[in-house]
Amino acid sequence: MDVLSGDYPPEEIQSFFSLLSEAYLGLSRIETAMQPEKEISEEKFEKFTDAIIRLKQSEPIQYIIGETEFYGLPFKVDKSVLIPRPETEELVSWITNETQSKETSILDIGTGSGCIAITLANELPETKVSAIDVSTDALRIANQNALANKVNVNFIEVDVLQFDSSKDLQIHKESKFDIIVSNPPYVRASEKELMQANVLRYEPEIALFVEDEDPLLFYRRIVELSKEYLKREGLLFFEINEYLGKDMKDMLEKEGFTNIEIKKDIFEKDRMIKCKKL
C-alpha cells in the first residue's frame with residue numbers, strides 16, 4: 001500500500017487496507033494486525049493489486065469493494081448510485097425523531113441506493129415506505145439492499161420531472177403520505193470545481209448536478225407533487241445545497257408550506273430543511 005503514499009494521507013491508506021482485508025480476506029482490523037505474516041492466494045493478491053491501481057486513479061473505495069455502511073447497515077453500491085454520505089444519516093435521524101405515529105407512510109423521491117428508504121423502514125418497522133427513482137440500475141441496487149437488510153420497500157421507476165398523476169399509476173396503494181423526503185440533485189454546475197476528483201470521475205452526474213440557471217428544479221417539482229401526495233399537516237424533508245437555504249425557505253413559503261426549519265449538519269452547514277403542509 002506504500003505506493004499510495006503520494007496520493008492519500010497515512011490514516012486513509014490504513015483505512016483502505018483494513019476495508020480491503022475485510023472484503024477480500026474476511027479479516028477484521030484487529031485480526032489483520034495479529035496476522036502480519038499471513039500468506040494470501042495469488043487470486044487475492046491480484047484483487048489487492050487491482051484495488052491499488054483503482055485507488056491510484058481516485059476511484060472511491062466503496063465502489064472498489066462494492067459496498068459501504070450507512071446508519072449501521074450494509075449497502076451495496078456501484079457507479080449507478082451515489083455513495084451515501086454522513087450528512088444524509090443526519091437527515092434520516094431527524095425524520096425518525098419527528099415520527100410520532102407507528103403507522104406512518106413515507107415516500108422517498110430519488111432513492112438511489114435506497115439508503116434513506118431502507119433505513120427508515122428498518123428504524124420504523126411499522127412504517128409503510130415507498131421509493132421512486134428514474135434509474136433502472138439504481139432501483140436494481142436498491143432492491144438488493146432492501147433484501148439484504150430484510151425490509152419491505154415499494155420501489156417504483158418514475159421520472160419525477162415527467163410524472164403525471166393523471167396518467168401514471170398511483171405510486172402507492174395509499175393516496176397520500178405522512179412524510180415525503182428527498183435528497184435530489186442540488187450541486188450547481190459551477191460548483192464542480194469544488195468537488196473532489198473521485199466524485200467527478202466516478203459518481204453518477206444525474207444524481208448530483210443541476211444547471212446554475214435553475215438550481216431548485218427538482219425541489220419545485222417535488223413540492224408540486226407534495227401538494228397532491230402529502231397529507232394535511234404532513235411533513236416534507238429535503239437535503240439541500242448549503243448555499244441555497246434562504247432560496248429554499250422563500251420558495252416553500254411562497255408555495256404555502258409552514259413551520260419551515262433549516263438544520264445544520266455536523267460541519268455547521270445548512271444541509272436539511274423541514275416544513276409542514278397545511
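Within the stretch 62-78, the presence of at least one residue that is out of contact with any strand residue (DSSP E or B) (no Cβ under 8 Å at 6 or more places or on another chain) and under 23 Å from N241 (Cβ atoms) is confirmed. Against the test of being modelled with pLDDT of 90 or more and either assigned to a helix (DSSP H, G or I) or of a type in the set (S, T, N, Q) (or both), the options E87, E31, E69 yield a single qualifying residue, E87.
Of the residues I61, I83, I52, the single one that is within 15 Å of the chain's Cα centre (by Cα), closer than 27 Å to D7 by Cα and of a type in the set (A, V, I, L, M) is I83. Residues that are more than 14 Å from K274 (Cα to Cα) and in contact with a Phe, Trp or Tyr (Cβ under 8 Å, 6 or more places away or on another chain) within the stretch 93-105 comprise just one, S105.
Every residue, every condition in (1) closer than 26 Å to R271 by Cα; (2) touching a residue at least 24 places away in the same chain (Cβ under 8 Å); (3) within 14 Å of the chain's Cα centre (by Cα), yes or no:
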| site | (1), (2), (3) |
| --- | --- |
| N97 | yes, no, no |
| S101 | yes, yes, no |
| G114 | yes, yes, yes |
| E126 | no, yes, no |
| D133 | yes, yes, yes |
| A142 | yes, yes, yes |
| F163 | no, yes, no |
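For the stretch 255-268, give me each residue that is part of a loop (DSSP other than H, G, I, E, B) and in contact (Cβ under 8 Å) with a residue 60 or more places away in the chain. Result: D265, I266, F267. Report every pair of residues separated by at least 6 positions or lying on different chains whose Cβ atoms are under 7 Å apart, first residue within the stretch 225-254 and closer than 23 Å to L208 by Cβ, second of a type in the set (S, T, N, Q). Short answer, once both residue conditions are applied: L236/S226; F238/S182; E239/T88; E239/N183.
On the stretch given as the stretch 215-253, residues that are farther than 22 Å from I132 by Cα and in a loop (DSSP other than H, G, I, E, B) total 3.
The values are calculated or read from the model by the stated rules, or taken from the named source; none is laboratory data. Quantities reported herein were computed from a predicted structural model and do not represent experimental measurements. Positions of Cβ are generated from backbone atoms using ideal geometry, with glycine treated the same way; all protein chains shown enter the neighbour counts.
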